[in-house]
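S.K.: Sending over a structure as structure tokens; questions will come in a sec.
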Amino acid sequence: MRKRIGCLCACAFLLLTGCNQDERVLEKIGYVETAAYDAMPNGNIKVTVSIPLVTQFAKDGKTTDELLSTIAKSPKDARKTLSLRTSRMMVNGQIRTLMFGEALARRGIWKHMDTFFRDPTISLRTTVAVVEGDAGGVISQELPRHTKTANYINKLLQKEFSRQGAPQTRLHQFVRDYHDDGIDPVAIMIRELEKDITVSGLALFRNDQMVGKLTSDDLHLFLVMYQNTSRGEFNVRTDNPHLESMAFHSVKSNRKIKITKTKDGEYRADIYLKIVGAVDEYIGDLDLSTTERKKVEQLLSEYAVEEGGRILKDMQKRGADSLGIGQHVRNSMSYAEWKRTAWHEMYSQMPVRVHCSFRIKNFGSYFH
């Protein structure tokens, strides 16, 4: 009996000791939440990381992040240097956002991203973002309305993705599109304001180099050309008195791309859009409760065709196949023919037309 009691006491002691060690481990580990990378001379990069502090270590409640920065040749070299400057064990398993300064993005980022893709501790759902200006400077700022800048950026981007305000630009999607010879990657862009940070547009890549960008005003139209949506938003502003301004919610859209080979052996692409949305706001001189609604729908369709064509021409000029037209062209020809095709050169000269059918689902208290 005494032996049993002794064994139980020993087991309880070991369990309690183990629990005590588990409680202290969070205080010893530094989970990197956000990492920022900027271009430096001679092929170097500046790496800035944000590590959330355990609450009891926060000073006067003014900051809950530990910020570390260094200049190195690669992310792994930077990690070795930064780990020597913190009292905690740095780990990458909680990285939420990878941020690249625009100068580095234009120089090319694949050799820096390759290490993240190979690291099994980094989630493939980590967001990839491009910063207008200095990425490290953005996460180093103390914004008066936001106690943790890195966490604020992460929540801002996740909110935009969840409401379908911008295409999701996660690590696995960037890597997938980089390796696919029929589409080029994109990345959401942010910019620092005086007291906040804003989503400023979309970075367009050709392979791993940023070659252009779309403004935030173009995001909604790009999104319906990029993918099908089920709960997006759509905003329109024109000089037409019939359609000065209009805003939609609960937007559902369907995109189809048709590739046609002409008698001359040339390829042509047609993008067909079907968009249905509920009206949030309408500023114009037509009455949506009458047959004049059809006129507004026609104007909306013409707007999508005109502005969609403008966005496409800009992407073609920069050689960025962000919509994946190349995937559809590749599927319409033999493997040998595709391999002989200089796709980006062909894409820049290829006729691409946008077609749109826009329908108003409801407006105010009227449902149809």
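The values are calculated or read from the model by the stated rules, or taken from the named source; none is laboratory data. None of the values given here were measured: they were computed from a predicted structure. Cβ atoms come from the backbone with ideal geometry, glycine included; neighbour counts cover every protein chain shown.
S.K.: Of everything in the stretch 248-298 that's of a type in the set (Gly, Ala, Ser) and touching a residue at least 12 places away in the same chain (Cβ under 8 Å), which residue is farthest from Gly326 (Cα to Cα)? Talk me through it step by step, then tell me what you get.
M.R.: Just the residues of the stretch 248-298 that are of a type in the set (Gly, Ala, Ser), to begin with: 250, 253, 265, 269, 277-278, 284, 289.
Checking which are touching a residue at least 12 places away in the same chain (Cβ under 8 Å) leaves us with 250, 253, 269, 277-278, 284, 289.
Details: Ser250: 30, Ser253: 21, Ala269: 10, Gly277: 29, Ala278: 33, Gly284: 39, Ser289: 42 Å.
By that ranking, first place goes to Ser289.
S.K.: Could I ask something else about it? Yes or no: the stretch 230-240 includes at least one residue that is crowded, with 16+ Cβ neighbours inside 10 Å, part of a strand (DSSP E or B), more than 20 Å from the chain's Cα centre (by Cα) and of a type in the set (Ser, Thr, Tyr). Break it down into steps so the answer makes sense when it comes.
M.R.: Within the stretch 230-240, the first condition is being crowded, with 16+ Cβ neighbours inside 10 Å, and the residues that meet it are 232-234, 236, 238.
Now drop any that are not part of a strand (DSSP E or B), which leaves 232-234, 236.
Applying the additional criterion that residues be more than 20 Å from the chain's Cα centre (by Cα) yields 236.
Keeping just the survivors that are of a type in the set (Ser, Thr, Tyr) gives none.
No, the conditions are met nowhere in the stretch 230-240.
S.K.: Is it the case, given these coordinates, that Ser334 is assigned by TED's automatic domain parsing to the domain that holds Ala278 and in contact with a Lys or Arg (Cβ under 8 Å, 6 or more places away or on another chain)? It would help to see each step written out before you state the result.
M.R.: Numbers: assigned by TED's automatic domain parsing to the domain that holds Ala278: yes; in contact with a Lys or Arg (Cβ under 8 Å, 6 or more places away or on another chain): no.
In short, no.
S.K.: Additional query: When the residues of the stretch 350-368 are filtered to those that are of a type in the set (S, T, N, Q) and modelled with pLDDT under 95, which remaining residue is surrounded by the fewest Cβ atoms within 10 Å (Cβ to Cβ)?
M.R.: Of the residues in the stretch 350-368, the ones of a type in the set (S, T, N, Q) are 357, 362, 365.
Retained after the next criterion (residues that are modelled with pLDDT under 95): 362, 365.
On the way: Asn362: 14, Ser365: 6.
By that ranking, first place goes to Ser365.
S.K.: Here are Val305, Val276, Val329: which of them is hydrophobic (A, V, I, L, M, F, W, C) and either farther than 26 Å from Gly212 by Cβ or assigned to a strand (DSSP E or B) (or both)?
M.R.: Val276 is the lone residue from the list that is hydrophobic (A, V, I, L, M, F, W, C) and either farther than 26 Å from Gly212 by Cβ or assigned to a strand (DSSP E or B) (or both).
S.K.: Just checking, does the stretch 335-342 include any residue being of a type in the set (S, T, N, Q), part of a strand (DSSP E or B) and either under 28 Å from the mean Cα position of the chain (by Cα) or surrounded by 15 or more Cβ atoms within 10 Å (Cβ to Cβ) (or both)? Before the answer, list the steps.
M.R.: Within the stretch 335-342, the subset of a type in the set (S, T, N, Q) is 341.
Narrowing further to those that are part of a strand (DSSP E or B): none.
Scanning the stretch 335-342 turns up no residue that is of a type in the set (S, T, N, Q), part of a strand (DSSP E or B) and either under 28 Å from the mean Cα position of the chain (by Cα) or surrounded by 15 or more Cβ atoms within 10 Å (Cβ to Cβ) (or both).
S.K.: On the basis of being of a type outside the set (Asp, Glu), part of a helix (DSSP H, G or I) and modelled with pLDDT under 95, does Arg310 make the cut? Reasoning before the result, please.
M.R.: Numbers: of a type outside the set (Asp, Glu): yes; part of a helix (DSSP H, G or I): yes; modelled with pLDDT under 95: no.
So Arg310 does not fit the description; no.
S.K.: Can you name the residue in the stretch 93-104 that is part of a helix (DSSP H, G or I) and buried (at least 17 other Cβ atoms within 10 Å of the Cβ) and is also farthest from the chain's Cα centre (by Cα) among such residues? Spell out how you get there, then give the answer.
M.R.: If we filter the stretch 93-104 for residues that are part of a helix (DSSP H, G or I), which is where we start, we get 102-104.
Subset that is buried (at least 17 other Cβ atoms within 10 Å of the Cβ): 102, 104.
Working: Glu102: 14, Leu104: 17 Å.
Among those residues, the one meeting the criterion is Leu104.
S.K.: With respect to Leu243, determine if the residue is touching a Lys or Arg at 6+ places or on another chain (Cβ under 9 Å), outside the structural domain of Met189 (by TED's automatic domain parsing), surrounded by 16 or more Cβ atoms within 10 Å (Cβ to Cβ) and not in a strand (DSSP E or B). Step through it out loud before you land on a result.
M.R.: Numbers: touching a Lys or Arg at 6+ places or on another chain (Cβ under 9 Å): yes; outside the structural domain of Met189 (by TED's automatic domain parsing): yes; surrounded by 16 or more Cβ atoms within 10 Å (Cβ to Cβ): yes; not in a strand (DSSP E or B): yes.
Yes: the conditions hold for Leu243.
S.K.: Hey, another quick one. Which of the helices (runs of 4 or more DSSP H) contained wholly in the stretch 105-211 include at least 3 residues that are within 20 Å of Gln94 (Cα to Cα) and under 11 Å from the mean Cα position of the chain (by Cα)?
M.R.: Result: 149-162, 171-179.
S.K.: Moving on to the next point. Specify the residue that is nearest to Lys274 (Cα to Cα); the eligible residues are those in the stretch 304-349 that are touching a helix residue (DSSP H, G or I) at 6+ places or on another chain (Cβ under 7 Å) and of a type in the set (A, V, I, L, M).
M.R.: By that ranking, first place goes to Ala304.
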